[in-house]
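Only one structure is covered here, and it is reproduced in the block below.
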Amino acid sequence: MFFRMTSYKKSQEELEEFSRDVYEAFQDIGVTSNMIHRRRHDRLLEETVDTTGNKLLGIPQSAFNVGSQVEGSITIGMRSDTDQVYRHDDIQVVLKLGAWQTGKVNLLAFKDETTPPQFYKLCKLQPTPDGRQEYMRDPIHETDVVDGQGRVLVCNTVYDNDLKRAHEAWGVGEVVKHGPSRSWTDEFDFVDALPCHDLPEECESLFTRSRPGHWPKSETLEFARQCPVFFIPQGHPYSPLNKRKLQWRLSTSLTERKLMFDFTE
């Protein structure tokens with residue numbers, strides 16, 4: 001037996017009934033505005049506590065919760081993991097020479113003919129006696145790579161050895177890798193992130209393109225523009241391994257989080 005698909009436009013009464021059914025289903029599984037805001041409040045409070053604890057211990061890291069847990073778009077049955085970004089506050093990535101910040105490790109983000117869109121390479125900078133900046137020429141870390149121009153590049157596996165040493169010292173589980181994340185359990189994804197001093201060109205389109213509708217609101221965009229942008233340790237999956245390990249991906253996770261919050265604000 002064959003059935004012919006036909007278009008069917010629901011009446012207003014049917015749409016209202018469908019809307020009530022969806023609302024009741026969400027109520028049953030705990031997806032309510034109160035629960036969403038409670039989840040957001042708890043996760044944002046958690047990142048504040050983590051960041052404050054790091055500062056008290058002298059650890060230069062700020063914690064950010066991103067993804068479905070902090071967005072509130074999750075229920076218990078979905079068993080979603082917790083995504084946490086750890087920003088290294090003792091490091092600054094600049095897009096051009098001249099944005100040097102004293103007291104931090106300064107890296108320059110640049111592209112070449114081998115770099116895919118939304119990916120960069122990071123090279124180390126050092127100050128000169130007369131206060132200028134120059135490329136570092138001598139590697140100081142075991143994973144550093146010197147390119148054809150003599151610049152010291154930061155490999156995106158720079159933090160992997162620290163995890164291996166922690167595994168050996170503390171006896172925790174094997175390191176679990178999910179893209180740029182590293183953890184000892186499937187319940188958490190921890191991502192090291194390097195803050196970018198300026199807004200990269202790729203991110204400008206969100207704020208400059210025409211918006212025929214009413215979303216995002218102008219105040220949302222203004223707040224989103226203030227959100228920091230990160231470089232996270234992940235290379236393009238189709239790049240050769242020797243090139244992939246030198247690539248760092250742009251991450252706008254905090255900007256995306258703000259836009260998701262705006263859906264229900």
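Quick check: is even one residue across the stretch 85-93 out of contact with any Ser or Thr (no Cβ under 8 Å at 6 or more places or on another chain), under 19 Å from T252 (Cβ atoms), of a type in the set (A, V, I, L, M, F, W, C) and open to solvent by less than 70 Å² (accessible area, probe 1.4 Å)?
Going residue by residue through the stretch 85-93, those that are out of contact with any Ser or Thr (no Cβ under 8 Å at 6 or more places or on another chain) are 88, 90-93.
Next cut, under 19 Å from T252 (Cβ atoms) only: 88, 91-93.
Going one step further and asking which of them are of a type in the set (A, V, I, L, M, F, W, C), we end up with 91, 93.
Narrowing further to those that are open to solvent by less than 70 Å² (accessible area, probe 1.4 Å): 91, 93.
Within the stretch 85-93, one or more residues are out of contact with any Ser or Thr (no Cβ under 8 Å at 6 or more places or on another chain), under 19 Å from T252 (Cβ atoms), of a type in the set (A, V, I, L, M, F, W, C) and open to solvent by less than 70 Å² (accessible area, probe 1.4 Å).
Has the stretch 46-67 got at least one residue that is buried (at least 18 other Cβ atoms within 10 Å of the Cβ) and at pLDDT below 90? So far as the stretch 46-67 goes, yes, one or more of its residues are buried (at least 18 other Cβ atoms within 10 Å of the Cβ) and at pLDDT below 90.
Would you be able to say whether some residue in the stretch 208-225 is within 21 Å of Q84 (Cβ to Cβ), within 20 Å of the chain's Cα centre (by Cα), crowded, with 17+ Cβ neighbours inside 10 Å and not charged (D, E, K, R)? Among the residues of the stretch 208-225, at least one is within 21 Å of Q84 (Cβ to Cβ), within 20 Å of the chain's Cα centre (by Cα), crowded, with 17+ Cβ neighbours inside 10 Å and not charged (D, E, K, R), which makes the answer yes. Evaluated against (1) polar (S, T, N, Q); (2) open to solvent by 70 Å² or more (accessible area, probe 1.4 Å); (3) more than 20 Å from E202 (Cβ to Cβ), Q118 falls short on exactly one condition, (3).
Which one is most open to solvent (accessible area, probe 1.4 Å) among residues in the stretch 232-254 that are more than 18 Å from V85 (Cβ to Cβ) and of a type in the set (A, V, I, L, M, F, W, C)? Among them, the one singled out is L241. When you scan the stretch 159-179, do you find a residue that is surrounded by 12 or more Cβ atoms within 10 Å (Cβ to Cβ), assigned to a loop (DSSP other than H, G, I, E, B), modelled with pLDDT under 90 and under 19 Å from the mean Cα position of the chain (by Cα), even just one? Yes, there is a match, as at least one residue in the stretch 159-179 is surrounded by 12 or more Cβ atoms within 10 Å (Cβ to Cβ), assigned to a loop (DSSP other than H, G, I, E, B), modelled with pLDDT under 90 and under 19 Å from the mean Cα position of the chain (by Cα). Among the residues of the stretch 182-228, the ones that are at pLDDT 80 or above, under 27 Å from L122 (Cα atoms) and of a type outside the set (K, R) come to 20 in all. Contact annotation: residue pairs with Cβ atoms under 9 Å, 6 or more positions apart or on different chains, pairing a residue in the stretch 93-111 that is in a loop (DSSP other than H, G, I, E, B) with a partner that is of a type in the set (F, W, Y), are L95/F110; L95/Y120; K111/F119; K111/Y120.
V229 passes every criterion in (1) out of contact with any Leu (no Cβ under 9 Å at 6 or more places or on another chain); (2) of a type in the set (A, V, I, L, M, F, W, C); (3) surrounded by 13 or more Cβ atoms within 10 Å (Cβ to Cβ) apart from (1).
Would it be correct to say that S183 is open to solvent by less than 50 Å² (accessible area, probe 1.4 Å), touching a residue at least 40 places away in the same chain (Cβ under 8 Å) and of a type in the set (S, T, Y)? Lay out the reasoning, then the answer.
Values: open to solvent by less than 50 Å² (accessible area, probe 1.4 Å): yes; touching a residue at least 40 places away in the same chain (Cβ under 8 Å): no; of a type in the set (S, T, Y): yes.
Spelling it out, it is not the case that S183 is open to solvent by less than 50 Å² (accessible area, probe 1.4 Å), touching a residue at least 40 places away in the same chain (Cβ under 8 Å) and of a type in the set (S, T, Y).
The values are calculated or read from the model by the stated rules, or taken from the named source; none is laboratory data. Predicted model, so just to flag it, every value in this text is computed and none were measured. Glycine also receives a Cβ, built like all others from the backbone with ideal geometry; neighbour counts cover every protein chain displayed. Note: accessible area is taken over every heavy atom of the protein model, side chains too, but ligands, DNA and RNA are not part of it. Shrake-Rupley method; radii C 1.70, N 1.55, O 1.52, S 1.80 Å.
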